[in-house]
Amino acid sequence: MKNKFLKFIQFSVYKICIILISLFWVFSVNAGNSKFSFKPDSLNLHPKRFRNVLICEGIAYVGSLSILNEFWYKEYPRSSFHLFNDNAEWLQWGFSIGDFAANTLGAALAVGQELAWNEQRIMLKWTYHSTKYSKYRPNLLGKDLTQTWLKDYNGQTCWLSVNLASFLKQNSNFPKWLNISAGYGAEGMIGAFKNPTIYNGAIMPDFVRYRKFYLSPDIDFTKIKTKSKFLKKVLISLNFIKFPSPALEF
C-alpha cells in the first residue's frame, strides 16, 4: 500500500511539473511579439521582458532536465560528454551528425520563411499515441503514459504542416486555418538498432520494423481569430501539435 501511495504521489508531482513547464514555455515564447519577425524593435533591449524570458527559460530548462533524468537517465551509468552515431536507432534520428543536420534544417526552415515571406507558412508539428510495444520493454519504452510519450518512438509522428491559403491570393475563399500535413513515423520497434528475440527470459514477438508516411488535414491555430490575448498566446503555443484528424497511410 505504501509503494502504491508513493507511486501515486510521484505520478502527480510529475504531471504538475509538466503542466508548470508547459505554462512557463507558453508565456516565455510569447514574452515578445506574438509572431517571430526581424523587426527593428527586436534589436532594442527591454530589461523587464529580457528578465522575464530568462527566468521562464531557466525554470523550464532545469525542470525539463530533472524530468528527463527521472524518466530516462537515472537507471543508467554516467559518462563524460561524447558523440554517438545513432542514425540507425529507432528508424529515426538521435544526437549524431544526422541529428545535427536535421536540427540545422529545422532552424533554417523557420528563418528562411521569415526572410522570404515574413511569416511561417510551413510548420513542424508532433503527435503521440499509445502503442502495444511499451509493455514488452517498459524499462526502455516507458512504464506508463508519463514516460511513453517521451520514450516510445513507435507512437511518435513528426509532421510538416503547410498552410495552403498563404500560397493563394489574399481574396481567396479558401479557409485560412486549414492546413495539409505530411507525417512520418515508425513502428514495430522494441529495440534501438534491432529487436531482441529474448528479454528477461521471455521470448519476444517477432515484430516487423517499418516506416510510416501519412497525409492528413490539419489546423493552423494561429489563424483562429480571437479577441482574448491570453487565448491567442495559448493557440500560438499549441501550434506545434498537429490537430487529430483522419489520415492516409502509405
Whole-Hz couplings from phi, Karplus 6.51/-1.76/1.60, listed for segment 131-146; x for Gly and Pro
10, 8, 7, 4, 5, 7, 9, x, 5, 9, 9, x, 8, 8, 4, 5
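Computed from the mean reciprocal separation of all distinct C-alpha pairs, what Kirkwood hydrodynamic radius does segment 168-224 have, in Å? Display every interim value, and only then the final one.
On the way: mean 1/r = 0.0660 Å⁻¹.
Mean inverse Cα-Cα distance, inverted, gives 15.2 Å.
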Based on alpha-carbon positions alone, could you give the equivalent ellipsoid semi-axes of segment 120-250 from the gyration tensor, as √(5λ), descending, whole Å?
37, 17, 9
Please order 216, 80, 245 by the number of other Cβ within 10 Å, starting at the fewest.
80, 245, 216
Scan around residue 247 for amide H atoms under 5 Å from its own, H built in the peptide plane at 1.01 Å from N, and keep only partners 5 or more places away or cross-chain.
none
The exposure ranking of 218, 144, fewest beta-carbon neighbours within 10 Å first, is 144, 218
Would you mind calculating the relative contact order of segment 116-205 from Cα pairs under 8 angstrom and at least 6 residues apart, reporting the percent as a whole number?
27
Please report 153, 214, 61, 76 as a ranked list, fewest other C-beta atoms within 10 angstrom at the top and most at the bottom.
76, 61, 214, 153
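What trypsin sites (Lys or Arg not before Pro) in segment 139-229 are in a loop by DSSP, with at most 14 other Cβ atoms within 10 Å of the Cβ? It would help to have the intermediate numbers written out before the result.
Details: sites: 143, 151, 169, 176, 194, 209, 211, 212, 223, 225, 227, 229; in loops: 143, 169, 176, 194, 209, 225, 227.
Answer in residue order: 143, 169, 194, 225, 227.
Only the coordinates and a few stated rules stand behind these numbers; no lab work does. What you are looking at is a predicted structure, and each value in this text was computed from that prediction instead of being measured. Cβ atoms come from the backbone with ideal geometry, glycine included; neighbour counts cover every protein chain shown.
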